[in-house]
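To start, the structure under review is shown below, and the notes come after it.
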Amino acid sequence: MCMNEDSIDNRRPENAELRRSIDKLIYDGYSFMEQNLNDLNIHNYRYNINNAVDELDLEEDLIIQLLEDYIIQILKSKVTFYELIKKLRKAELNNINLDYTELRDLAHKNLGVARNLRIDDSQKILTLLMKEEDLDYMRICVKALEVSAVKLNPLCAYETMKLIKVKNSL
């Protein structure tokens, strides 16, 4: 689970670069989505937890926990999405028929969670990933998906990215 807002005071100076990258990702994310995915009209999207609470008839605390799990899942999946796109690019360069199955399965898995939590911007992006065949556009969609997840709870995203960084350095 991600830390609560009170723990932000316990920031360590050595994590300043990671915090700056989260801030930059959020700041640049709005214009990135507007420039690259303007047709989806998601660049100004703001998640409304009340929609999920009302429609799912669950407590807000549970929805918050599920959102944090979703953020963690997306930030972990991001690496796999990029690896799968790289694999497809290599196949394309070698004139091998492209098999999008793994990538679409991963998008479908994440789409189910986004739908359940009523995260509209992620739903649109993941739906595109399930249908798209342009590898460059798919990379844009993955970046937008990351921005979307970080916007939901920047502190949770920060903690998740910090853990991923530590895990990858071992």
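Data table
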{"quantity": "Boolean, Ser122 is among the small types (Gly, Ala, Ser) and more than 30 Å from Asp54 (Cα to Cα)", "calculated": "no"}
{"quantity": "Of the criteria (1) of a type in the set (Val, Ile, Thr); (2) part of a helix (DSSP H, G or I); (3) over 23 Å from Lys24 (Cα atoms), which one Ile96 fails", "calculated": "(2)"}
{"quantity": "In the range 24-54, the residues that are in contact with a Phe, Trp or Tyr (Cβ under 8 Å, 6 or more places away or on another chain) and exposed (fewer than 11 other Cβ atoms within 10 Å of the Cβ)", "calculated": "Asn44"}
{"quantity": "Failed condition for Leu58, given (1) surrounded by fewer than 18 Cβ atoms within 10 Å (Cβ to Cβ); (2) assigned to a helix (DSSP H, G or I)", "calculated": "(2)"}
{"quantity": "Number of the exception - His108 against (1) touching a residue at least 24 places away in the same chain (Cβ under 8 Å); (2) under 14 Å from the mean Cα position of the chain (by Cα)", "calculated": "(1)"}
{"quantity": "Pair list, Cβ under 9 Å, 6 or more apart: the range 22-34 residue more than 15 Å from Leu145 (Cβ to Cβ) and touching a residue at least 12 places away in the same chain (Cβ under 8 Å), other residue surrounded by 14 or more Cβ atoms within 10 Å (Cβ to Cβ) and small (Gly, Ala, Ser)", "calculated": "Ile22/Ala157"}
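Every residue, every condition in (1) assigned to a helix (DSSP H, G or I); (2) modelled with pLDDT under 80; (3) touching a strand residue (DSSP E or B) at 6+ places or on another chain (Cβ under 9 Å), yes or no:
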{"site": "Met1", "(1), (2), (3)": "no, yes, no"}
{"site": "Ser7", "(1), (2), (3)": "yes, yes, no"}
{"site": "Tyr47", "(1), (2), (3)": "no, no, no"}
{"site": "Ile71", "(1), (2), (3)": "yes, no, no"}
{"site": "Leu75", "(1), (2), (3)": "yes, no, no"}
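The values are calculated or read from the model by the stated rules, or taken from the named source; none is laboratory data. What you see is a predicted model; the values in this text were computed from it and never measured. So basically every Cβ, Gly included, is an ideal-geometry build from the backbone, and we count neighbours across all protein chains shown.
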